[in-house]
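> My questions will all concern the structure given below.
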Amino acid sequence: MPAGRPGPAAQSARRPPPLLPLLLLCVLGAPQAGSGADTAVISPQDPTLLIGSSLQATCSVHGDPPGATAEGLYWTLNGHRLPPELSRMLNASTLALALANLNGSRQQSGDNLVCHARDGSILAGSCLYVGLPPEKPFNISCWSKNMKDLTCRWTPGAHGETFLHTNYSLKYKLRWYGQDNTCEEYHTVGPHSCHIPKDLALFTPYEIWVEATNRLGSARSDVLTLDILDVVTTDPPPEVHVSRVGGLEDQLSVRWVSPPALKDFLFQAKYQIRYRVEDSVDWKVVDDVSNQTSCRLAGLKPGTVYFVQVRCNPFGIYGSKKAGIWSEWSHPTAASTPRSERPGPGGGACEPRGGEPSSGPVRRELKQFLGWLKKHAYCSNLSFRLYDQWRAWMQKSHKTRNQDEGILSSGRRGAARGPAR
Amino acid sequence: MSRREGSLEDPQADSSISPLPHLESKIQQTHSLARLLTKYAEQLLQEYVQHQGDPFGLPGFSPPRLPVADLSAPAPGHAGLPVPERLRLDEAALAALPPLLDVVRRRQAELNPRALRLLRRLEDAARQARALGAAVEAVLAALGAETRGPRPEPAAAAMAAATATAGVFPAKVLGLRVCGLYREWVSRTEADLGQLAPGGPA
């Protein structure tokens, strides 16, 4: 709402009203009886102003009906009557208004400044557009799904609040040749985004920028230069399967398939796995899953349901040196670890802290050993398999030993009675 | 609603089957459609005033009733006319509304480009007016009443008005007027069909 003091000379920027096929407007100067149409006119019509500026407007009655004067006229702005001290009669047929320190427009279609007759009927109206020019958009980020398209997102300058409708246009061109192109599919992944669906070249850089325009001016972002191959992402890995590893109560095996759209190009894809206990919201992430399509999760709680997801980063595609962009996570896949057969506190095995495979001194040392093996040998997977086989053998032989000791104990008792004849 | 359903002159029809149930069914369907569109028209009006800002939508807001090319509100004596004549006037108004609603939608697309629901409602209203008008015309045909002949396109008068300079406030007022007329005419059509529907006064 404007301050209640007359301000300096108006700085209104009169924007010519657009000529549009308004099929319905009555002929100017031929008002209907009793309709109040066009018996007065407000000037300026539909001005555009900066926040904090001033406006001087006039309402001039036509003199229809004869003898009509500006006596008794008053102003409203967005339905609120303006204080009389802001108005003054310039002459018998003209009422002036002075508004200072204007606030930003309340609605994008413009603030409604209306001139009323004494009886409250509407004589004329004008819409004020008060706002700010756009600031430079920034933080443009783009990604290509399977090298087929390009989606970009940006942040509007000044958080986008200009109080005026601001149009954002994403432009792009090949860096060294070609004309400017304009993206056409907006709001695909949020209000400030655009999708270019086709006709994109590889192995050559694009220049991309965003232009913001409103009634008060325009602004252009910095130019982002990129090669499509450097911003490739893909679909989540399909066919994620999670299964038990034999009877091992603290492990699950995760397998997946390379994303099919890029499977012929993913020479260096890396993957990430995350997993959580069924009734927890805390995910644990396994980062170091390079170009493999399987992984063993260890150090898990026995008898527990886990949800597992996998995602892929197709970095290095076609020789790109950039980091690549992670895909979305795959749909969660659930599996449960076997229940522990060993008695222990709480009825289950003591789970390693944090569920990490490396917790516990023995496992820590083993991990270090296997890490060394990985660097110096080509059989790290074989090593884990061997280790698991060894563990399973150990458990089995532990049981057998217990049984033997039981037999042996009874045998000793028998032997004490003397050797069998 | 298919015109085929409204045909009373199928030579294959069994002459012992009275056409009245078909006519009643058609009237009832059209009446239901009009009732539904009356509700939608009210929602359109609410959505429209919301996006124009105050004083639009305030109680007592009484803008100038600008005349609209080729369309006026139902006359005070409308309810006293014979039902077929009322339906003819309803049908004529419903046929005139779609291009007017289209113009309002185009203007609102400039003034309120982010008001997607409003723009969608305006687009739907044009389609719904066409559908209801066609249904009313089918009812009139089934009643054996004459329908109006082809109407002259309002292009000449419209284009003359189109060249006039149009400010934003008058455009808002005019859009309100068109949405108001749409609501008045679908409501009027519902009432007129109600006279013919089973259980109605007719």
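> Within the range A:74-124, count every residue that is within 13 Å of another protein chain (Cβ to nearest Cβ), of a type in the set (Asp, Glu) and surrounded by fewer than 18 Cβ atoms within 10 Å (Cβ to Cβ).
Counting residues in the range A:74-124 that are within 13 Å of another protein chain (Cβ to nearest Cβ), of a type in the set (Asp, Glu) and surrounded by fewer than 18 Cβ atoms within 10 Å (Cβ to Cβ) gives 1.
> Report the residue count in the range A:130-163 for those that are within 13 Å of another protein chain (Cβ to nearest Cβ) and in contact with an Asp or Glu (Cβ under 7 Å, 6 or more places away or on another chain).
1
> If you don't mind, there's one more thing I want to ask. Going by the structure shown, is residue A:210 in contact with a Phe, Trp or Tyr (Cβ under 6 Å, 6 or more places away or on another chain), in contact (Cβ under 8 Å) with a residue 40 or more places away in the chain and of a type outside the set (Lys, Arg)?
It is true that residue A:210 is in contact with a Phe, Trp or Tyr (Cβ under 6 Å, 6 or more places away or on another chain), in contact (Cβ under 8 Å) with a residue 40 or more places away in the chain and of a type outside the set (Lys, Arg).
> Oh, and also: Taking the condition within 13 Å of residue A:212 (Cα to Cα) and in contact with a strand residue (DSSP E or B) (Cβ under 9 Å, 6 or more places away or on another chain), does residue A:136 pass?
yes
> Do the conditions hold for residue A:251, that is, is it in contact with a Cys (Cβ under 9 Å, 6 or more places away or on another chain), at pLDDT 90 or above and of a type outside the set (Ser, Thr, Tyr)?
No: the conditions fail for residue A:251.
> Which of the strands (runs of 3 or more DSSP E) found entirely inside the range A:70-183 contain at least 3 residues meeting this: free of Cβ contacts under 8 Å to residues at least 40 places away in the same chain, over 17 Å from residue A:225 (Cα atoms) and not aliphatic (A, V, I, L, M)?
It comes to A:87-91.
> Next up: Output the residues belonging to the range B:57-92 that are more than 14 Å from chain A (Cβ to nearest Cβ), aliphatic (A, V, I, L, M) and either surrounded by 16 or more Cβ atoms within 10 Å (Cβ to Cβ) or touching a Pro at 6+ places or on another chain (Cβ under 6 Å) (or both). Steps first, please.
Initial filter on the range B:57-92 (more than 14 Å from chain A (Cβ to nearest Cβ)): B:74-92.
If we keep only those that are aliphatic (A, V, I, L, M) too, we end up with B:75, B:79, B:81, B:83, B:87, B:89, B:92.
B:83, B:87, B:89, B:92 - these are the residues of the range B:57-92 that are more than 14 Å from chain A (Cβ to nearest Cβ), aliphatic (A, V, I, L, M) and either surrounded by 16 or more Cβ atoms within 10 Å (Cβ to Cβ) or touching a Pro at 6+ places or on another chain (Cβ under 6 Å) (or both).
> In the range B:93-136, what count of residues is obtained for those that are within 13 Å of chain A (Cβ to nearest Cβ), in contact (Cβ under 8 Å) with a residue 60 or more places away in the chain and touching a strand residue (DSSP E or B) at 6+ places or on another chain (Cβ under 8 Å)?
2
The values are calculated or read from the model by the stated rules, or taken from the named source; none is laboratory data. These numbers were taken from a predicted model, which means no experiment stands behind them. All Cβ positions, glycine included, derive from the backbone under ideal geometry; neighbour counts span all protein chains shown.
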